[in-house]
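Q: Provided herewith is a single structure, encoded as structure tokens, for subsequent inquiry.
Every number here is computed from the coordinates shown, using simple stated rules; none is lab data. Quantities reported herein were computed from a predicted structural model and do not represent experimental measurements. Neighbour counts are summed over all protein chains in view; Cβ atoms, including those assigned to glycine, are modelled from backbone coordinates with ideal geometry.
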Amino acid sequence: MIRTLTAAALALAALSAPALAATCDTRGMPADMYASYARDIQQQLTDHGFRAGPIDGKPGKQTQSAIRAYQKAAKLPVDGCVSKELADHLHFAEPKVYGGAKR
């Protein structure tokens, strides 16, 4: 019985992971524009005290985790995705939202 439940839980986790990643699309942006937004968001998250990882324009797990943490702290819908709307929020929202990492 425990093996069956474990197998079911692993299967469910495997099915859920790609669905989460699939929700982050480039929203029709050219690749260079998307990378530019990603770099800007990584820099802004770092400046705001969220650990976004390397500022390389490639939103990996660290960046997505930092985006989710920022979105939660800012009371935004949490999806962990790079977007123009997120970049605008990081630049222009008042009051500023800061994480716990050293700035």
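Q: Within the stretch 47-56, how many residues are surrounded by fewer than 20 Cβ atoms within 10 Å (Cβ to Cβ), within 19 Å of Lys96 (Cβ to Cβ) and under 13 Å from the mean Cα position of the chain (by Cα)?
A: Count: 1.
Q: While we're here: I'm trying to understand the selection: among the residues of the stretch 43-90, which are among the polar types (S, T, N, Q) and more than 19 Å from Thr23 (Cβ to Cβ)?
A: Correct list: Gln43, Gln44, Thr46.
Q: A further question follows. Can you tell me which residues in the stretch 79-103 are over 18 Å from Tyr37 (Cβ atoms) and surrounded by fewer than 17 Cβ atoms within 10 Å (Cβ to Cβ)?
A: Glu94, Pro95, Lys96, Tyr98, Gly100, Ala101, Lys102, Arg103
Q: Tell me which of these Lys72 doesn't satisfy, since it passes every other one: (1) closer than 14 Å to Gly100 by Cα; (2) assigned to a loop (DSSP other than H, G, I, E, B); (3) charged (D, E, K, R).
A: Failing condition for Lys72: (2).
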